[in-house]
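Colleague: Would you mind keeping the following structure in view while I ask a few things?
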Amino acid sequence: MLTNIKINQDRLWDSIMEMAKIGATPKGGCNRLALTDLDKQGRDLFISWCKAAGCAITVDRMGNIFARRSGKNDALDPVALGSHLDTQPTGGKFDGVFGVLAALEVVRTLNDHAYETDTPIEVAVWTNEEGSRFAPAMIASGVFAGVFSEDYGMSRADLDGKTIGEELVRIGYRGEAPCGKRPFKAFFEAHIEQGPILEAENKTIGVVSGIQGIRWFECTVTGQESHAGTTPMKMRRDALLGVARMVDEINLIAQAHAPDAVSTVGLLQVSPNSRNVIPGSVFFAVDLRHPDDAVLLEMANDLEAVVDRVTSDLKLTHDLQEIWYSPPAPFDKACIASVRRAAEEGGYAHRDIVSGAGHDAGNISRVAPTAMIFVPCAGGISHNESESATPEDLAAGCNVLLRAVLEHASA
Ligand SMILES: [Zn+2]
């Protein structure tokens, strides 16, 4: 049975501000790179809070932390909720941290009211979400979900050659528990939006329906280098002219699949890049994203057609390669519905939204029913020391998290 209990806005805010002191930067942000001494301090503080709230702590072999609050029936799979504590080198106070401390605030609120859930509840902290010190990003939730092997995860190294495995041992967070094979009844991650949509539309809650898929391409278009003064316009094979037309058409590919599609050409290398030589070859990169796998594939086919047509029109040749594919991670319908219902019942203005950025929840959605809750951040700015969110919006997101979790934590 659901109650109308609300989380404690001041306690949530104070905890976020307390955590932000660890690795605080002069411009008001945070620098707590994964598995540094500062990350250890942040983890230690989190665990001390969880223990004070009566939780039992488990650390797995990738350093993921699970703080468990017992339920009436501890044999049931827990409802999990959480995010990450690591930051970018010039990161903000809220990215990841909000999701972890909102989860802790849910536990503290249940304690305040001596509310017993049927299933246990577990607050999760995922190691190295940011991917700034160790690439790739979201590595430990990826190992947990079977996307990467543990050996692969352990052996990722930073620029000094120190591996995740070594650094976990050094800071005392190489746990005993296996990474993965830990069933969750459901997983919820609260997070700042890191984009401008909620703020622009005056919405408090983003009901996240999934994480969009990504396809990356590299393409070299080849024509003929020749003299800019002596080569008649009709006899040119100008690789840059071809790519210019492609850039425009690649933009139209996303427009044709509005509103959810995005397409970007953000990298261009012109050769020989000389003001009086017709460009003989151009290398460029394409980033296509869409939440629906079938549409994303259609966009990839459109890209191939555009490149084929323009090169043939201008008597050029091309080499187009797909170099990365990250499939969309659609979230669980029942979990999404719980988030939407929680926003409605809380009286918060909300909208459905697709996550443009990657999150640990994308990995966890492969092994457990998952959804996310977004709250606005000022100007949509994130991965920046000036990242900011209001206490009221953060509390709203936390109240939605509480309600969604309670819905799933009853047997
Ligand atoms: Zn994050």
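Colleague: I'd like the orientation of helix 293-313 relative to the chain: the angle between its Cα long axis and the longest Cα principal axis, in ° from 0 to 90, rounded to 10.
Modeller: Result, in degrees: 20.
Colleague: Let me ask something else about it. Would you mind getting the accessible area per residue of the stretch 225-283, heavy atoms of the protein chains only, 1.4 Å probe, in Å²? Please report the intermediate quantities before stating the final value.
Modeller: Numbers: 3710 Å² over 59 residues.
It amounts to 63 Å² per residue over the stretch 225-283.
Colleague: Quick check for me: using +1 on Lys/Arg Cβ and -1 on Asp/Glu Cβ, what's the dipole size of the chain about its Cα centre, in debye to the nearest 20?
Modeller: With only Lys, Arg, Asp and Glu charged at Cβ, the dipole is about 280 debye.
Colleague: Within the stretch 181-202, which residues have the backbone N less than 20 Å from the label spot 7 Å out from GLU345 along Cα→beta-carbon, could you tell me?
Modeller: Answer for this model: 185-191.
Colleague: Find how many whole Å separate the alpha carbon centroid of the stretch 1-69 from the alpha carbon centroid of the stretch 237-313.
Modeller: Taking the Cα centre of the stretch 1-69 as reference, the centre of the stretch 237-313 is 43 Å away.
Colleague: Also, quick follow-up: Given a Förster distance of 35 angstrom, what is the FRET efficiency for ASP308 paired with THR230, based on the Cβ-Cβ distance and rounded to 0.05?
Modeller: 0.70
Colleague: Per residue, how much accessible surface does the stretch 1-57 expose to a 1.4 Å probe? Answer in Å², no decimals. Mind dumping the intermediate values first?
Modeller: Details: 2870 Å² over 57 residues.
Result: 50 Å² of accessible area for each residue.
Colleague: How far apart, in nm, are two points set 7 Å out from the Cα along the Cα-to-Cβ line at GLN321 and at SER70?
Modeller: Rounded to a tenth, the inter-label distance reads 5.7 nm.
Colleague: Right, something else. Of THR390, ALA342, ALA378, which is farthest on the positive side of the dipole of the stretch 342-398, counting Cα position, with +1 on Lys and Arg Cβ, -1 on Asp and Glu Cβ, and the Cα centre as origin?
Modeller: Result: ALA342.
Colleague: Might you report the magnitude of the Cβ-based charge dipole of the stretch 321-411 about its Cα centre, with Lys and Arg at +1 and Asp and Glu at -1, to the nearest 20 debye? Please report the intermediate quantities before stating the final value.
Modeller: On the way: 6 positive and 11 negative charges, 65 e Å.
So the dipole magnitude of the stretch 321-411 works out to roughly 320 debye.
Colleague: Have a look at the DSSP beta bridges in the chain and tell me what percent are antiparallel, nearest 5. All intermediate terms of the calculation are to be shown ahead of the outcome.
Modeller: On the way: 47 of 68 bridges.
The antiparallel fraction comes to roughly 70 percent.
Colleague: Considering the options LEU267, GLY242, LEU252, tell which one lies farthest towards the positive end of the dipole of the stretch 233-272, charges being +1 on Lys and Arg and -1 on Asp and Glu at the Cβ, about the Cα centre.
Modeller: So the residue furthest toward the plus end is GLY242.
Colleague: Right, something else. Could you pull out the trypsin sites (Lys or Arg not before Pro) across the stretch 126-179 that fall in loop regions by DSSP (anything but H, G, I, E, B) with no more than 11 other Cβ atoms inside 10 Å?
Modeller: Listed in order of number, the matching sites amount to none.
Colleague: Give, in nm to one decimal, the length gained when the segment between ALA285 and SER410 is fully stretched (0.36 nm per residue of separation minus the Cα-Cα distance).
Modeller: 40.1 nm
Colleague: Translational diffusion coefficient, Stokes-Einstein: compute it for the chain using the Kirkwood radius over C-alpha pairs as Rh, at 10 °C and 1.306 mPa s, and state it as an integer in µm² s⁻¹. Please list the in-between numbers first.
Modeller: Working: Rh = 22.8 Å.
Taking Rh from Cα pairs, D becomes 70 µm²/s.
Colleague: Give the angle, between 0 and 90 degrees and rounded to the nearest 10, that separates the Cα long axis of helix 239-256 from the longest principal axis of the Cα atoms of the chain.
Modeller: So the inclination is approximately 40 degrees.
Colleague: Could you pull out every residue, at least 5 positions away or on a different chain, whose amide H is within less than 5 Å of the one on HIS318? Hs are placed 1.01 Å off N in the peptide plane, and Pro or chain starts have none.
Modeller: THR222
Colleague: Residues of the stretch 208-243 with amide nitrogen under 18 Å from the 7 Å Cα-to-Cβ point of ALA337?
Modeller: 208-210
Colleague: List the pairs from LYS6/LYS93; LYS51/LYS203; LYS72/LYS333; LYS40/LYS203; LYS27/LYS333; LYS162/LYS203 whose alpha-carbon separation is above 32 Å, in the order I gave them.
Modeller: Beyond 32 Å: LYS51/LYS203; LYS40/LYS203; LYS27/LYS333; LYS162/LYS203.
Colleague: Express the relative contact order of the chain as a whole percentage, based on alpha carbon pairs under 8 Å and six or more residues apart in sequence.
Modeller: Numbers: 957 pairs, mean separation 97.1, N = 411.
Relative contact order comes out at 24 percent.
Colleague: Based on DSSP H runs of at least 4 residues, each adding -39500 (n - 2.57), what is the mean residue ellipticity at 222 nm of the chain after dividing by all its residues, to the nearest 500 deg cm²/dmol?
Modeller: Estimated from H runs of four or more residues: -10500 deg cm²/dmol.
Colleague: Determine the share of the stretch 209-271's accessible area contributed by carbon and sulfur atoms, expressed in whole percent, with a 1.4 angstrom probe.
Modeller: Here carbon and sulfur together make up 55 percent of the probe-accessible area.
Colleague: Right, here's the next one. Which of the trypsin sites (Lys or Arg not before Pro) found in the stretch 2-70 are loop residues per DSSP with 12 or fewer other Cβ atoms within 10 Å of their Cβ?
Modeller: Numbers: sites: LYS6, ARG11, LYS21, LYS27, ARG32, LYS40, ARG43, LYS51, ARG61, ARG68, ARG69; in loops: LYS6, LYS21, LYS27, ARG32, ARG61.
Those that pass, being in a loop and sparsely packed, are LYS21, LYS27.
Colleague: Which loop-located GluC sites (Glu not before Pro) does the stretch 79-177 contain, where loop means any DSSP state but H, G, I, E or B and the Cβ has at most 10 other Cβ atoms within 10 Å?
Modeller: GLU176
Colleague: Using a Förster distance of 22 angstrom, determine the FRET efficiency expected from the C-beta separation of ASP248 and ILE381, and round it to 0.05.
Modeller: With a Förster radius of 22 Å, E is 0.15.
Colleague: Also: For an R0 of 25 angstrom, estimate the FRET efficiency from the Cβ-Cβ distance between ALA294 and THR264 and round to the nearest 0.05.
Modeller: Values: r = 21 Å, r/R0 = 0.82.
The computed FRET efficiency comes out at 0.75.
Colleague: If you place +1 on the Cβ of every Lys and Arg and -1 on the Cβ of every Asp and Glu, how big does the dipole about the Cα centre of the stretch 1-105 come out, in debye to the nearest 20?
Modeller: 100
Colleague: Nearest 10 degrees is fine. How inclined is helix 97-112 to the longest principal axis of the chain, computing both from alpha carbons?
Modeller: Helix 97-112 sits roughly 20 degrees off the main axis of the chain.
The values are calculated or read from the model by the stated rules, or taken from the named source; none is laboratory data. Quantities reported herein were computed from a predicted structural model and do not represent experimental measurements. Here Cβ is always computed from backbone atoms with ideal geometry, including for glycine, and neighbour counts include all displayed protein chains. Quick note on the areas: whole protein, heavy atoms, side chains included, nothing else; ligands and nucleic acids left out. Shrake-Rupley method; radii C 1.70, N 1.55, O 1.52, S 1.80 Å.
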